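Colleague: First the structure, which I've put down as structure tokens, then a few questions once you've had a look.
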Amino acid sequence: MVLAAGEGKRMKSDLHKVLHLAAGRPLLAHVFDAIEPLKADETVVVTSRRKDEVVATMAAHGFGRGLRWAVQDPPRGTADAVRAALGELGQTTGRVLVTAGDTPVLTTESLQALVDTFDSSGAELCVLTASVTDPTGYGRVIRDEDGRVRKIVEHRDATEEERLVHEVNAGVYVFDADRLVYALDRVDDRNVQGEYYLTDAVEVLVTEGGAVAAHRIDEAEVAGVNSRAQLAGAASILRTRKATELMAQGVTIVDPSTTYIDSTVSVGRDAVIHPFTFLEGGTTVGPRAQIGPHARLVSSEVQEGATVSFAVVVQSFVGPFASVGPFASLRAGTRLERGARAGSFVEMKQSVIGEDSKANHLAYVGDAEIGRGVNVGAGTITCNWDGVAKHKTVIEDDAYIGSDTMIVAPAHIGKRAATGAGSVVKGDVPDDALAVGIPARILGGKGDKMGRKEAERPNQQQE
Ligand code: UD1
Ligand code: CA
């Protein structure tokens, strides 16, 4: 059971608490990541009247299959939420793992260890706990002189003396199903919040002579998210964990403390991530790539040996040994093929830049399809928008676009064709032609600036 119906009032947010992002992923997705490997027979998520929002967001992150959803409306406490889950499941036997939707840092290993402790202890209930430096806000685990768990008291209901206890409840439990039902029938709402607390099940069972065990884990893992400050804290732990994992796989992260990598990112061996770099969403970075300093990659693919520095790359593809920056912006739908370059103060969007083609300085390339070996001179602009519609620019292999050319789309520039500096080019420039002036005049056969007649190209034989 995943309890996620709480209103999250302390977040002061219009967004559902469990949908807030930590390291690029909703809190609830992190919880699902952790419980999935446990392969429970049934998984029920308890949500509120905002169920549709939660279901849709989780589906967008790839979750939904095999999940059952229960609605708890209004949310009247964690024990009441478990009741809603049992209502969805019907007759339940065996053991029940109850976890919260707002503890994104918990690992599969800790959950498995809790289940194992439950099994080996023969207890009716096993709770997950940790001794923390600052227990403020958490339920305190109260033990007797022999160290046996007696009850859990919520921070708000605790006495001064109880608040001195540093062992806290992580909000995760394994119950014997029958004893869970039994305890729920006996939990009341006489507390400061007027809610049905699942934590009261501990005292109910202990009072009846039942055995309640505890499994203690590391402090960092219990981090629950009730406030924005705690959200930042949990996200930081998740990012540190991700960086550590990547470094263990052979990635150099020069300064993990100034590097922000979402949990969904993958990075190849011997890639180097320089400081002040953000790798977000489903970004993948190939082996031996050099990323940063100061790079932001969003849902992009950067391949082997490519370089991206001081640049923003969104939903784009950077091919092997291609280079981006310094000071470049690749907007959605840009594709740099092998060895292509987007240099300083270059913006590209929805364009393909062929193998070894380059726009090294000050250019805007939008809605363009550029072939191989093309040189796009400084100051070139594809004038792709006429105020009403977007138009396409096609530049064929080995063309040479002179500095400050305005290419007024739709335009087509042929193979080995060239444009003169400062020209304004429209329509079609044939293969090998040179276009000069405003509007450009066409000088047939004068375009092959780089002396690259088709036949002379060693790697073009197959064409
Ligand atoms: C809870 C525990 C506390 C523990 C802490 C660990 C209780 C009473 N207290 O406190 O001992 O130290 O977690 O993080 O359980 N929820 C529902 N329906 C409700 C209320 C809550 O589904 O009616 C869900 C919330 O969405 C949340 C989880 O249960 O995911 C915990 O609720 P929350 O209000 O955050 O409890 P805490 O005060 O953090
Ligand atoms: Ca909480």
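Colleague: Among (1) away from ligand 1 (no atom under 13 Å from the Cβ); (2) on the phi > 0 side of the Ramachandran plot; (3) buried (at least 22 other Cβ atoms within 10 Å of the Cβ), there is one condition A22 misses while meeting the rest; what is its number?
Modeller: Only one criterion is unmet by A22, namely (2).
Colleague: Give V71, V54, V44, V105 a once-over and let me know the one that is touching a helix residue (DSSP H, G or I) at 6+ places or on another chain (Cβ under 9 Å) and within 17 Å of L198 (Cβ to Cβ).
Modeller: V44
Colleague: Among the residues of region 371-378, are any more than 23 Å from A311 (Cβ to Cβ) and open to solvent by 50 Å² or more (accessible area, probe 1.4 Å)?
Modeller: Scanning region 371-378, I find no residue that is more than 23 Å from A311 (Cβ to Cβ) and open to solvent by 50 Å² or more (accessible area, probe 1.4 Å), so the answer is no.
Colleague: For region 406-423, what are the residues that are within 40 Å of the chain's Cα centre (by Cα) and of a type in the set (S, T, Y)?
Modeller: Let us first name the residues in region 406-423 that are within 40 Å of the chain's Cα centre (by Cα), namely 406-412.
Passing the criteria: none in range.
Colleague: Sticking with this structure for a sec: Got at least one residue in region 31-50 being out of contact with any Phe, Trp or Tyr (no Cβ under 9 Å at 6 or more places or on another chain), β-branched (V, I, T) and either away from ligand 2 (no atom under 16 Å from the Cβ) or closer than 27 Å to E203 by Cβ (or both)?
Modeller: Taking every residue of region 31-50 in turn, at least one turns out to be out of contact with any Phe, Trp or Tyr (no Cβ under 9 Å at 6 or more places or on another chain), β-branched (V, I, T) and either away from ligand 2 (no atom under 16 Å from the Cβ) or closer than 27 Å to E203 by Cβ (or both).
Colleague: Just to be sure I understand the filter: pairs with C-beta atoms under 6 Å, separated by 6 or more residues or on different chains, first member in region 136-147 and on the phi < 0 side of the Ramachandran plot, second member in a loop (DSSP other than H, G, I, E, B) and surrounded by 14 or more Cβ atoms within 10 Å (Cβ to Cβ). Which pairs pass?
Modeller: G139/E154; G139/T199; R140/A158; R140/V165
Colleague: In region 167-213, what count of residues is obtained for those that are surrounded by fewer than 17 Cβ atoms within 10 Å (Cβ to Cβ), hydrophobic (A, V, I, L, M, F, W, C) and within 16 Å of ligand 2 (Cβ to nearest atom)?
Modeller: So the answer is 1.
Colleague: Which ones in region 369-397 are over 16 Å from S323 (Cα atoms) and touching a residue at least 40 places away in the same chain (Cβ under 8 Å)?
Modeller: Across region 369-397, the qualifying residues are G371, G377, D397.
Colleague: Counting residues that are assigned by TED's automatic domain parsing to the domain that holds N375 and modelled with pLDDT of 95 or more, which strands (runs of 3 or more DSSP E) fully inside region 387-463 reach at least 1?
Modeller: 393-395, 406-413, 424-429, 434-436
Colleague: Also: Quick check: is even one residue across region 238-257 in contact with a His (Cβ under 7 Å, 6 or more places away or on another chain) and open to solvent by 50 Å² or more (accessible area, probe 1.4 Å)?
Modeller: Yes, region 238-257 contains a residue that is in contact with a His (Cβ under 7 Å, 6 or more places away or on another chain) and open to solvent by 50 Å² or more (accessible area, probe 1.4 Å).
Colleague: Okay, moving on. If you scan region 144-165, which residues turn out to be aliphatic (A, V, I, L, M) and in a strand (DSSP E or B)?
Modeller: Matches in region 144-165: V149, I152, V153.
Colleague: Filtering region 76-96 down to residues that are touching a Leu at 6+ places or on another chain (Cβ under 7 Å), open to solvent by less than 50 Å² (accessible area, probe 1.4 Å) and closer than 30 Å to L238 by Cα, which residue is farthest from ligand 1 (Cβ to nearest atom)? Can you show your working first?
Modeller: In the first step, residues of region 76-96 are kept if they are touching a Leu at 6+ places or on another chain (Cβ under 7 Å); the result is 78-79, 81-83, 92, 96.
Now narrow it down to the ones that are open to solvent by less than 50 Å² (accessible area, probe 1.4 Å): 79, 81-82, 92, 96.
When the remaining residues are screened for being closer than 30 Å to L238 by Cα, the result is 79, 81-82, 96.
On the way: A79: 8, A81: 4, V82: 9, V96: 15 Å.
Only one residue fits best here, namely V96.
Colleague: Being among the aliphatic types (A, V, I, L, M), part of a helix (DSSP H, G or I) and more than 10 Å from ligand 1 (Cβ to nearest atom) is the filter here; which residues of region 25-46 pass it?
Modeller: Kept after step one, since they are among the aliphatic types (A, V, I, L, M), are these residues of region 25-46: 27-29, 31, 34-35, 38, 40, 44-46.
Filter once more, so that each one left must be part of a helix (DSSP H, G or I): 27-29, 31, 34-35, 38.
Within region 25-46, A29, A34, I35, L38 qualify.
Colleague: Looking only at residues that are within 11 Å of ligand 2 (Cβ to nearest atom) and among the basic types (K, R) in region 10-19, which one is surrounded by the most Cβ atoms within 10 Å (Cβ to Cβ)?
Modeller: Among them, the one singled out is K17.
The values are calculated or read from the model by the stated rules, or taken from the named source; none is laboratory data. Being a predicted model, the structure only gives us computed values, none of them experimental. Cβ atoms come from the backbone with ideal geometry, glycine included; neighbour counts cover every protein chain shown. SASA here: full protein model, heavy atoms, side chains in, ligands and nucleic acids out. Shrake-Rupley method; radii C 1.70, N 1.55, O 1.52, S 1.80 Å.
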